[in-house]
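Down below is the structure, laid out as structure tokens.
The values are calculated or read from the model by the stated rules, or taken from the named source; none is laboratory data. Nothing here was measured: the structure is a model prediction, and the numbers come from that model. Here the Cβ positions follow ideal geometry from the backbone for every residue, glycine too, while neighbour counts run over all protein chains shown. Only protein heavy atoms, including side chains, enter the accessible area calculation; ligands, DNA and RNA are left aside. Shrake-Rupley method; radii C 1.70, N 1.55, O 1.52, S 1.80 Å.
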Amino acid sequence: MSGAPLLRVANLKCAFGRAEVLHGVHLEVRAGEIVSLIGANGAGKSTTLMCVSRIHRQATGTIEFDGRSIAGLAPQEVVRLGLVQVPEGRRIFPRRTVRENLEMGAFTRTDRAGVAEDIDRVCGMFPILRERAGQLGGTLSGGEQQMLAIARALMSRPRRLMMDEPSMGIAPMLVAQIFRTVRDVLRAQGVTVLLVEQNANAALRMSDRAYVLETGNVALSGTGAELLRDERVRAAYLGH
């Protein structure tokens, strides 16, 4: 990938109380890329996403999206710029229908005809959502809820999508389906992806590049293929 990065994070530090969680994280994501963050539990992966999306605002360092600093923005302002997160644990609205959840994903938009078209489009990506359109979100299976969370995020027409542990609590067959959809559809639409994923093997296989976080620092970086071959990564995260 060439050109300036769509997202640039430099010297990102973040603390919860007196405990510093991120110690100066540097990463870049260029337009059209799928980039993964892998690492053990507690390494700071989800915290990095929350700092970038401004959900967690007690952070220092540089966060730039499309050449603009977003460090002082509120989360909803970040969404309006096209930077959207699919949160860990899905966090759909359990007492709202599938269709209402999708409509909530378009809360920053005023083009009603376009919203209706996009509901049809995301239901084409995940046909089960069309079948469940009138069903309450909380009655869906874990895999169906993850599909709904991704589709809801796409309703805002993001330029860059951050996904936090999309495979968590989902059957392996559904994980493969979700990852294929993310890779194929988002690339076709030109959406840039920053992925946090415990399933390091699956994440690296679908990624252009990746970063390995260890205790709040970037320990390694490279292409997905390079890190799949790296003996340190294989020993620590791939079970080899």
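Of note:
- Applying the condition of being assigned to a loop (DSSP other than H, G, I, E, B) and among the charged types (D, E, K, R) to segment 141-165 and asking which residue is least open to solvent (accessible area, probe 1.4 Å) yields GLU165.
So that you can scan it fast, the table gives a plain yes or no per residue for (1) under 30 Å from GLY138 (Cβ atoms); (2) open to solvent by 10 Å² or more (accessible area, probe 1.4 Å); (3) touching a Lys or Arg at 6+ places or on another chain (Cβ under 7 Å); (4) of a type in the set (Lys, Arg):
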position: PRO5; (1), (2), (3), (4): no, yes, yes, no
position: LEU27; (1), (2), (3), (4): no, no, no, no
position: THR47; (1), (2), (3), (4): yes, yes, no, no
position: LEU81; (1), (2), (3), (4): no, yes, no, no
position: GLU117; (1), (2), (3), (4): yes, yes, no, no
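- Qualifying position, being of a type in the set (Lys, Arg) and open to solvent by 50 Å² or more (accessible area, probe 1.4 Å), among ARG68, ARG90: ARG68
- Just one residue in the set GLY124, GLY138, GLY134 is open to solvent by 40 Å² or more (accessible area, probe 1.4 Å), of a type outside the set (S, T, N, Q), touching a Phe, Trp or Tyr at 6+ places or on another chain (Cβ under 9 Å) and over 25 Å from VAL78 (Cβ atoms); that residue is GLY138.
- Members of segment 180-201 found to be under 16 Å from GLU88 (Cβ atoms) and open to solvent by 20 Å² or more (accessible area, probe 1.4 Å), listed by number: GLN198, ASN199
- Subset of segment 49-63 (residues that are over 20 Å from THR108 (Cα atoms) and open to solvent by 50 Å² or more (accessible area, probe 1.4 Å)): ARG57, GLN58, THR60
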